[in-house]
Amino acid sequence: MEVLKQRAIRGGFAKLIGQAASFILRLLYMIVVARLLTPAEFGLVAMVTAVTGVYDLFRDGGLSAAAIQQVSVTEEQKSTLFWVNMAIGGLLSLLCLLTAPILVHFYDEPRLFWVTVALSAGFIFNSAGVQHAAILQRELRYEALTVIDILTILVSTVVAIVMAIEGFGYWSLVVSAIVSPAAYTTMTLLVVRWKPGLPRRTAGIASMLRFGGTVTLNSLVVYVAYNLDKVLLGRFWGADVLGLYSRACQVINIPTSQLNAAVGGVAFSALARLQDDSVRYRNYFLKGYSLVIAMTAPITLFSAVFADDIIRVILGPQWSDAATTFRLLTPTVLFFGVINPLGWLMMSSGLQRRSLNVALVLAPLCIASYIVGLPYGPNGVALAYSTTMVLWLVPHMAWCLRGTGISPAELFQSIWPPLGSAAVAAAVAYAAQISLGHFESAVVRLSLDSCVMGAVYTFMLLVVMGQRGFYLDLVSQLRTSGGR
């Protein structure tokens, strides 16, 4: 178990470093491309991806998670899962092609036909590398996965920027979306030298298929819940409004998605190996949860207080109308920071059916909020959505934790120190901005604000809230794992 702990810590550190690099690249992508393309061009592609993203959920049929969750997987099972994934990819590509004329009619936009046709190729590329990536995750080889992730983002970013500069417009976004899975799968196949054999009906994958089916259905419900807002805004408010809203969503979702990608995969893999050791399982989860909240809380409040400058620096002044939407969406950063680890908890312990049931309740709540806010445009949708998520948070936590051996009080102990520290730090940073005067440059203002908030938050968390010992222990473990 000590070896697992060291590998998990080392893998988590590698993922954090990788996600930091990924964050910089994604930020560069948004900063540059947002200044080269119009909101309407982003909205045009978002009309398609909001729908085809549903198909993307089925690209591995939940079989990568099933392979990771299993204590052991045979060669026959891996080979059979590979061919099942390839069959799924082919069917999804065909389904995407058939969707093209439907989207043209639904949005009354002829340009969507070839965009949809082009994006269909991505499903084949994705499916080919699913099991190879799962092998890396099972072995906790997150250093290799981190390098692959960074190179994939780098390649797709360069393609998008070069094409946008050359005047290809929205096609720069489309081609970049195809290049990304192609590059990722190619590199994964080069790193993992495993070659699949022939599929076998007797491979014993029935339980994994059931697990994967439940995971996929859960992902489908969650995706619809979190993306129907874009479909509705595109249909009733047009590409321009959808472009502004989708960019605000992307910027606000970067922290959550990056943190979940950095910690989630490592946590899920490690927790799955500890299913039979309840004491270690509980200890690992609570420590990982505390770390996620410590990173999520300051980002949430910083985004809410300094939304105007964030949008101006990242997207440019022409996107200023997205700032209000961005600010209204900031509560969702903390919401997802709180609930995403609960997803790891349920999936790693085999409670995927409960996770599905939770999603089946959450989805109607989200959809209802979109319908309530839709008449008032993107800001109305953002406000209604965020309000609903905040009201649902406590019931969600209680439901997910029932019978797991982890109490809501223990989670609150993990949430309060970083949240309280972040609140004080945000207040001090805002007061500092007012007292120091109004700098003309948004970059200068944002830099000073982040420095002040970062310093105050660190002091509050480590000294006032007494979390210094926890992080010193984490650093010590990291050094130990790095020396092995």
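The values are calculated or read from the model by the stated rules, or taken from the named source; none is laboratory data. Note that this is a predicted model, so its numbers are computed, not measured. Don't worry about glycine lacking a Cβ; one is built from the backbone with ideal geometry, like all the others, and counts go over all protein chains shown.
List the number of the failed condition for residue 333; all other conditions in (1) buried (at least 21 other Cβ atoms within 10 Å of the Cβ); (2) without any contact (Cβ under 8 Å) to a residue 60 or more places away in the chain; (3) aliphatic (A, V, I, L, M) hold.
Unmet condition: (2).
Would you call residue 22 surrounded by 22 or more Cβ atoms within 10 Å (Cβ to Cβ), closer than 27 Å to residue 85 by Cβ, at pLDDT below 60 and of a type in the set (Ser, Thr, Tyr)?
no
Being free of Cβ contacts under 8 Å to residues at least 40 places away in the same chain and either closer than 14 Å to residue 86 by Cα or more than 21 Å from the chain's Cα centre (by Cα) (or both) narrows it down to one residue among 155, 159; which is it?
Result of the check over 155, 159: 159.
Taking the stretch 408-458, which residues are among the polar types (S, T, N, Q), in contact with a helix residue (DSSP H, G or I) (Cβ under 7 Å, 6 or more places away or on another chain) and modelled with pLDDT under 90?
414, 433
Within the stretch 113-171, how many residues turn out to be of a type in the set (D, E, K, R) and assigned to a loop (DSSP other than H, G, I, E, B)?
Summing the residues that are of a type in the set (D, E, K, R) and assigned to a loop (DSSP other than H, G, I, E, B) in the stretch 113-171 gives 3.
With respect to residue 169, is the statement that it is touching a helix residue (DSSP H, G or I) at 6+ places or on another chain (Cβ under 6 Å), on the phi > 0 side of the Ramachandran plot and modelled with pLDDT of 80 or more true?
The answer is yes for residue 169.
Working only within the stretch 347-361, note down all residues that are basic (Lys, Arg) and surrounded by 18 or more Cβ atoms within 10 Å (Cβ to Cβ).
Within the stretch 347-361, 354 is the sole residue that qualifies.
Considering every residue within the stretch 405-415, establish whether at least one is outside any helix (DSSP H, G or I) and in contact (Cβ under 8 Å) with a residue 40 or more places away in the chain.
Yes.
Any residue at all in the stretch 315-322 that is in a helix (DSSP H, G or I) and of a type in the set (D, E, K, R)?
Keep residues of the stretch 315-322 that are in a helix (DSSP H, G or I), which gives 317-319, 322.
Okay, now just the ones that are also of a type in the set (D, E, K, R), so none.
No, the stretch 315-322 has no match at all.
Cβ-Cβ distance below 9 Å, separation of 6 or more or different chains: which pairs start in the stretch 460-484 with a residue that is within 15 Å of residue 295 (Cα to Cα) and end on one that is modelled with pLDDT under 65 and surrounded by 14 or more Cβ atoms within 10 Å (Cβ to Cβ)?
Partner pairs satisfying both residue conditions: 474/9.
When residues of the stretch 105-145 are filtered for being surrounded by fewer than 19 Cβ atoms within 10 Å (Cβ to Cβ) and touching a Pro at 6+ places or on another chain (Cβ under 8 Å), how many remain?
Residues flagged as surrounded by fewer than 19 Cβ atoms within 10 Å (Cβ to Cβ) and touching a Pro at 6+ places or on another chain (Cβ under 8 Å) within the stretch 105-145 amount to 1.
Could you identify the single residue in 88, 102 that is at pLDDT 90 or above and among the hydrophobic types (A, V, I, L, M, F, W, C)?
Just a single option satisfies the conditions, and that option is 102.
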